[in-house]
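Please read the structure below before turning to the comments.
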């Protein structure tokens, strides 16, 4: 007993196991473990196989993003936003650009709005594709499902590269528009990718939707009740899987989302299976939006001519811009004091706030289910720790 | 029946496995060092300095204004301005960078230096096989390592290079007309070098 670290003893004593009924075991999952999607640690207390306590420990990837942004220009923060949720850098760009545009009262040309919608929906496609790929990997379906979804993701990343120059760190959107216009042939290539994507979804559904092992591992596991989801401030596919109809694309209608006809998939049980299915269905809705946006995209300017790139100084004030990123509500809060740097720069990351309900979802389940439940939250540590 | 879903799933796996022999769609693997994908034009990784003509020192477009140094988000650029002047791409006498260093271990390839440069002097390269065993000297690139010709820029980013050449040609024509109007003999004595350099570069497109 003397060999144990004090922290472990405290934890175990607090759970009332000191009276010697049962021995509890403290297990540290992570930080260096592939199932934790980065450097994340779960301090789990186990009673046999059952989780009785779970403490998320994060901060291993803290990079001082918010403070750095307060000492660089408005433009200088744009490439850093790519590194928040590095799976979906274009949606991060959009959220930040939206906040600055609100702050400075900048109008975005119509073509740029369409490009933003197209790139954001492509981001959602590749984010959800890789999330369900990782999820099945964590359930033990190693290899095939992840490779199939990465094969599709690759096509979308190629589109991003030919448009923005980079596959993941796109740094594409600017206040008042986008950095460069679409290269020739890009729209045709995108139409082709969008037309071929349903084949992947159909195949993926046939591959897994009826799989008895997947059903046994997901249905009724990690239930998040509707009330807790709302109270916890959870957003994104997890909230919708718990039966709450809340999608910022519908609620705020930011950009030009009021022009598109699409539906918001809602789950019923709030378990792992619903969260998986909501993502699958959201991809189909994204394809619908993409089809309409690619059909309607007008010619024209992509940058507001009155907005300066260099020496950008919005007038004093504050603004909060939020969008529906693939992971939930991504918001940027900015306070300007009229100088070239923001006075305060704050990110509302969906990953971090969705992570707060992890313990409630995991209590009572076993370790292997904990990994799966954690996988459905779909976090990126770059965004959690900032 | 129990196991039916699993069996159906295996049909898909088999479709992908055998399909990979028949369709290029399902076999996307590229055997990298031997096989390579075609380069995507917009690709970017690290910045380089553009020069016109054959002599990188004489043709360097950079005037050492230090805007990129100031705007660079991770602050990976270090510039020291020269004491004397030389004619730039447009033909005006300008300073040039006595020292221009980029620490590529710090650079995050964001392209902001390219966007803020008013002289079309810094552009993004596409060369990616850059590993080195010298983590200090090997990753701190100086002016000589960074300088690449406009012809090279035209080769890696043809569309962007055409735009940038047109812009420079326009500015040069303006500057020439201005110099002509002000003082004819003087314009003739200072221009030829730069003039040849720029026209030589654009003819290689």
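The values are calculated or read from the model by the stated rules, or taken from the named source; none is laboratory data. Since the model is a prediction, treat every value here as computed from it, not as a measurement. Cβ placement follows ideal geometry from the backbone for every residue including glycine, while neighbour counts extend to all protein chains displayed.
Quick one: is residue B:97 in contact with a strand residue (DSSP E or B) (Cβ under 7 Å, 6 or more places away or on another chain) and either under 19 Å from residue A:72 (Cα atoms) or modelled with pLDDT under 90 (or both)?
Considered against the rule, which asks whether it is in contact with a strand residue (DSSP E or B) (Cβ under 7 Å, 6 or more places away or on another chain) and either under 19 Å from residue A:72 (Cα atoms) or modelled with pLDDT under 90 (or both), residue B:97 comes out as yes.
Pick from A:334, A:330: which is surrounded by 17 or more Cβ atoms within 10 Å (Cβ to Cβ) and more than 21 Å from residue A:131 (Cβ to Cβ)?
The unique qualifying residue is A:334.
Given (1) buried (at least 18 other Cβ atoms within 10 Å of the Cβ); (2) more than 29 Å from residue A:117 (Cβ to Cβ), where does residue A:364 come up short, assuming only one miss?
(1)
Yes or no: residue A:96 more than 24 Å from residue A:280 (Cβ to Cβ), within 14 Å of another protein chain (Cβ to nearest Cβ) and either modelled with pLDDT under 90 or crowded, with 22+ Cβ neighbours inside 10 Å (or both)?
Here the answer is yes, as residue A:96 does meet what is asked.
Are any residues in segment A:132-147 at the interface with chain B (Cβ under 10 Å from one of its Cβ atoms) and crowded, with 23+ Cβ neighbours inside 10 Å, and if so, which ones?
A:145, the sole residue that qualifies.
What number of residues in segment A:212-241 are touching a residue at least 40 places away in the same chain (Cβ under 8 Å) and within 14 Å of chain B (Cβ to nearest Cβ)?
6
Of everything in segment B:107-127, what is within 12 Å of chain A (Cβ to nearest Cβ), touching a residue at least 40 places away in the same chain (Cβ under 8 Å) and in a loop (DSSP other than H, G, I, E, B)? Give them in sequence order.
B:107, B:109, B:111, B:117, B:118, B:125, B:126
Every residue, every condition in (1) outside any strand (DSSP E or B); (2) at pLDDT below 90; (3) buried (at least 16 other Cβ atoms within 10 Å of the Cβ); (4) out of contact with any helix residue (DSSP H, G or I) (no Cβ under 9 Å at 6 or more places or on another chain), yes or no:
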residue: A:265; (1), (2), (3), (4): yes, no, yes, no
residue: A:268; (1), (2), (3), (4): yes, yes, no, no
residue: A:278; (1), (2), (3), (4): yes, no, yes, no
residue: A:281; (1), (2), (3), (4): yes, no, yes, yes
residue: A:287; (1), (2), (3), (4): yes, no, yes, no
residue: A:300; (1), (2), (3), (4): yes, yes, no, no
residue: A:306; (1), (2), (3), (4): yes, yes, no, yes
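As an exercise: evaluate residue A:197 against (1) facing another protein chain (nearest Cβ under 10 Å); (2) within 21 Å of the chain's Cα centre (by Cα); (3) not in a loop (DSSP other than H, G, I, E, B) and give the number of the one condition it does not meet.
(1)
Which one of these is without any contact (Cβ under 8 Å) to a residue 40 or more places away in the chain, more than 11 Å from chain B (Cβ to nearest Cβ) and in contact with a helix residue (DSSP H, G or I) (Cβ under 8 Å, 6 or more places away or on another chain): A:45, A:57, A:51? Step through it out loud before you land on a result.
Details: A:57 fails: in contact with a helix residue (DSSP H, G or I) (Cβ under 8 Å, 6 or more places away or on another chain); A:51 fails: without any contact (Cβ under 8 Å) to a residue 40 or more places away in the chain.
Criteria check complete, one pass: A:45.
Determine the pairs where a residue that is under 9 Å from residue A:319 (Cβ atoms), located within segment A:81-103, has a partner that is in a helix (DSSP H, G or I) with Cβ atoms under 8 Å apart, the partner being 6 or more residues away or on another chain.
A:100/A:74
Matching residues to (1) surrounded by 14 or more Cβ atoms within 10 Å (Cβ to Cβ); (2) more than 9 Å from every other protein chain (Cβ to nearest Cβ); (3) in contact with a helix residue (DSSP H, G or I) (Cβ under 7 Å, 6 or more places away or on another chain):
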{"residue": "B:7", "(1), (2), (3)": "no, yes, no"}
{"residue": "B:29", "(1), (2), (3)": "no, yes, no"}
{"residue": "B:33", "(1), (2), (3)": "no, yes, no"}
{"residue": "B:41", "(1), (2), (3)": "yes, no, yes"}
{"residue": "B:47", "(1), (2), (3)": "yes, yes, yes"}
{"residue": "B:50", "(1), (2), (3)": "yes, yes, yes"}
{"residue": "B:66", "(1), (2), (3)": "yes, yes, no"}
{"residue": "B:71", "(1), (2), (3)": "yes, no, yes"}
{"residue": "B:79", "(1), (2), (3)": "yes, yes, yes"}
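Out of B:181, B:194, B:177, report the one residue that is assigned to a helix (DSSP H, G or I), at pLDDT below 85 and surrounded by 14 or more Cβ atoms within 10 Å (Cβ to Cβ).
Checking each option against the conditions leaves just B:194.
Applying the selection to segment B:148-160, what residues are within 14 Å of chain A (Cβ to nearest Cβ) and either loosely packed, with under 15 Cβ neighbours inside 10 Å or assigned to a helix (DSSP H, G or I) (or both)?
Those that are within 14 Å of chain A (Cβ to nearest Cβ) and either loosely packed, with under 15 Cβ neighbours inside 10 Å or assigned to a helix (DSSP H, G or I) (or both): B:156, B:158, B:159, B:160.
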